[in-house]
């Protein structure tokens, strides 16, 4: 049998790092592989040869590990140009000794293939070749494969510890100029300890993931916090389409949460472009057919992302203004990270059927002294996700859905998830900028508007005879327009019995009364159903509220159910839930004042089985009912 030509040529390509690095010319643009796939041995040798280098540009995305070429003493020999400002390059960028090129990940391969950023050399890391002459880029395909194919000179560190991964990870030895055998442990990425604040963010973000969603996870504490709550929430048949991932994905797979069986494209596969984690992760992906590593030109293509049904993308931010502009790559004028895949996945997930694009951030910085939700972005802060692209923002106080909402609605939604210490300040700033009405009432609640313990859900028969899922939750200030829709969907009789006057319009003062509650002594709830057409919004079909009299320890309550949803048990469900909340807070009884002609409400109260006292006042023309808790 004839020996393939590549086998003979392969032997000629094998050399040591010193010899290979000396092939690099002065002034050459050098690409270095990504993340935990950085060829550390080659990078160190590059620095050792600094004395023979001059004006060499080093291009990379995320570069981890020891990076001596970024040292101040080598600034005449090397200048880094990064697409993402990681920890070990941040000081150099801040001091002007390194460059930052902002770009969505999906665009970067085009820079190489089009020659906009021509590459002379690629330093990559691969697995040993197989019987057909193919090496695997393993955990770092991303932009690395494109860079290798576009470079004039390719030097590969051949590492026996690099896993062989499926997908577009392979590069033939014929496409490599020099092979440098050097086995060493791959770099590992250790996720910091998850704080209680981050756990809360993860809890709210995970609640937005439905069964059969496809998720983009990322790495870091947010991803870990979301994972923990996805395990607790018992969601089923999730898929994964993500630019990068870490160890927490294994937990979801082994728990049966991620199956990839219901994906609309790449069914049965985890689609990713690179991985950063522990040795456990690297062993798990080695020759594992569930994983397909592809170039970012595919993984991060918004058109591809959008084809995933119920695509849910999780990304982070440094600052968000009240209109929804998201800064993710800089703190003022100082570049801190990068655009990465945020824009790609925001746009892709937003266009996915049933998809959600989620931005997560802590509500404060600098030990709680600074709000991350601000009236306007800091001077110099860059907008990564525009107010036109933004979808959902999550903090430890809940989530705000912004896409398709007015500036006024956005402001109220974002203030509701800001830290309570800054809500009044943000509201006053919004009033000065005419974002909200001047008579907008303050935010009384000092905690979250999204307490799970106040929520309940049940199925009922809808007006059309089909089942509907009704969810009861706390009312929020950004529910104003939904309350108006509820009001104008009521009959004149229902309006009269609820407000005891024939209202033709809903004044803002009356509207404010619905949500001007403190959640401690007073509670205001709404019953919602999904909006028609399967959109991500909600429609309020009922509202209930109680106000506590601290002297008598009795709470006056009122209910309002849209006419076509009456007599279906929804009002009883809402009242029972309010009673449970009131009882848990130590309230003794409910009291209601009802017009004598409001026969449906009178019958409703009697049917509760809680009535302990009733009295008719001729003077006030109303019944007084007291219900035990």
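Values quoted throughout were computed directly from the atomic coordinates according to the rules given, and no laboratory measurement underlies them. If you're wondering where the values come from, they're calculated on a predicted model, not measured in any experiment. No Cβ is skipped: glycine too gets one built from the backbone with ideal geometry, and neighbour counts run over all protein chains shown.
Over segment 560-629, calculate the relative contact order: mean separation of alpha carbon pairs under 8 Å at least 6 apart, over the residue count, as a percent. Taking the mean separation of contacting Cα pairs over the length of segment 560-629, I get 34 percent. Here, segment 452-628 has an Rg and a Dmax of 15.8, 49 Å when only alpha carbons are counted. Mean silhouette area of segment 417-488, derived from the convex hull of its C-alpha atoms and averaged over all directions, reads 6.6 nm².
Please give the contour-minus-distance gain from residue 265 to residue 503: 0.36 nm per residue of separation, less the Cα-Cα distance, rounded to one decimal in nm.
Working: separation 238, 0.36 × 238 = 85.68 nm, distance 5.30 nm.
My answer for the length gained is 80.4 nm.
The calculated FRET efficiency for the pair residue 595 and residue 199, based on their C-beta separation and a Förster distance of 45 Å, comes to about 0.40.
Taking 0.36 nm per residue of sequence separation and removing the Cα-Cα distance, the residue 464/residue 424 pair yields an extension gain of 10.1 nm. Applying 1/(1 + (r/R0)^6) with R0 = 60 Å to the Cβ-Cβ distance of residue 585 and residue 287, what FRET efficiency is obtained, to the nearest 0.05? For residue 585 and residue 287, the calculated efficiency is 0.55. With the simple model of a label 7 Å out from the Cα in the direction of the Cβ, residue 437 to residue 616 spans 3.8 nm. Between residue 563 and residue 254, the contour length at 0.36 nm per residue exceeds the alpha carbon distance by 106.4 nm. Using every pair of separate Cα atoms, the Kirkwood estimate puts the hydrodynamic radius of segment 383-467 at 14.9 angstrom.
Out of every Cα-Cα pair that segment 5-181 contains, those further apart than 30 angstrom amount to 12 percent. Summed over qualifying helices (DSSP H, 4 residues or more, each -39500 (n - 2.57)) and divided by its residue number, the chain shows a 222 nm mean residue ellipticity of -7500 deg cm²/dmol. Under the simplified labelling scheme, the residue 211-residue 113 pair shows an inter-label distance of 3.9 nm, with each label point 7 Å from Cα along Cα→Cβ. Computed over the chain, the Cα gyration tensor eigenvalues convert (square root of 5λ each) into semi-axes of 59, 25, 18 Å, ordered from largest to smallest.
Below 8 Å between Cα atoms, with a sequence gap of 6+, how large is the relative contact order for the chain in percent? Computed value for the chain: 8 percent relative contact order. Here residue 23 and residue 94 are evaluated by their C-beta separation; at R0 = 35 Å the FRET efficiency comes out at 0.60. When the Cα centres of segment 586-624 and segment 477-555 are compared, how far apart do they sit, in Å? Centre-to-centre distance over Cα atoms comes out at 20 Å. Relative to the dominant Cα principal axis of the chain, helix 407-416 is inclined by about 90°.
Summary of the geometry: segment 247-267 and segment 161-214, compared by the centres of their Cα atoms, lie 14 Å apart. Taking the empirical scaling 2.2 N^0.38 Å for compact globular proteins as reference, segment 137-187 has a Cα radius of gyration ratio of 1.10. In terms of surrounding Cβ atoms within a 10 Å radius of their Cβ, 369, 624 rank from fewest to most as 369, 624. Using only alpha-carbon positions in segment 399-542, the gyration tensor eigenvalues give semi-axes of 26, 19, 15 Å once each is multiplied by 5 and square-rooted (largest first). If you take the alpha carbon atoms of segment 196-432 and fit the smallest convex hull around them, that volume is 117 Å³ per residue. The fewest-to-most ranking of 333, 80 by surrounding Cβ atoms within 10 Å reads 333, 80. The mean of 1/r over all pairs of different alpha-carbon atoms in segment 468-520, once inverted, gives a Kirkwood hydrodynamic radius of 12.4 Å. Highest mean first, the peptides 115-122, 410-417, 141-148 sorted by other C-beta atoms within 10 Å per residue fall in the order 141-148, 410-417, 115-122.
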